[in-house]
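Since the structure comes first, as structure tokens, the remarks are kept for the end.
The values are calculated or read from the model by the stated rules, or taken from the named source; none is laboratory data. As the structure is a prediction and not an experimental result, all values here were calculated from the model. All Cβ positions, glycine included, derive from the backbone under ideal geometry; neighbour counts span all protein chains shown.
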């Protein structure tokens, strides 16, 4: 009887080891996929823009998939970012230019900032378009941003059509990226 129990125990060990190896390989595959995704650069022009939900500092919620039919200007910024300050007034001026027609919406995503500093920034630059924090950096991770400022423009059908990895230099530059999407 003892001999049979020893044989049974030996047979179970290899199965346990195989399970551990399979689990380890699966974990390494997941880590590898995450690493490749993080190293693959910003979201791709010409593809569907990653969906997201932004809750603004005013408590409003915006979901990209619910904004179909509008051009979306998605700007990542931070209060501590000096280049963000350079483009702040131009973004606000462009927002005010497009706002009456209600065909374009600007959304500001405050990246790795405190609420207090973010709100001070919005007040200092008189920013009136919707802005909110990137809680858990979920939105910035889905767009794989590399820093701030970064701006993504999404057409009316949800396709990412433009990417700016530095500050806009003028209102005209912003209009030149948005206007062609309003003609379609």
Check segment 48-60 and report whether any residue there is surrounded by 15 or more Cβ atoms within 10 Å (Cβ to Cβ), at pLDDT 75 or above and out of contact with any helix residue (DSSP H, G or I) (no Cβ under 7 Å at 6 or more places or on another chain).
-> yes
Where in segment 73-184 are there strands (runs of 3 or more DSSP E), lying fully within it, with 1 or more residues that are in contact with a strand residue (DSSP E or B) (Cβ under 6 Å, 6 or more places away or on another chain) and farther than 21 Å from residue 56 by Cα?
-> 160-164
When you scan segment 143-157, how many residues do you find that are modelled with pLDDT of 95 or more and surrounded by fewer than 17 Cβ atoms within 10 Å (Cβ to Cβ)?
-> 1
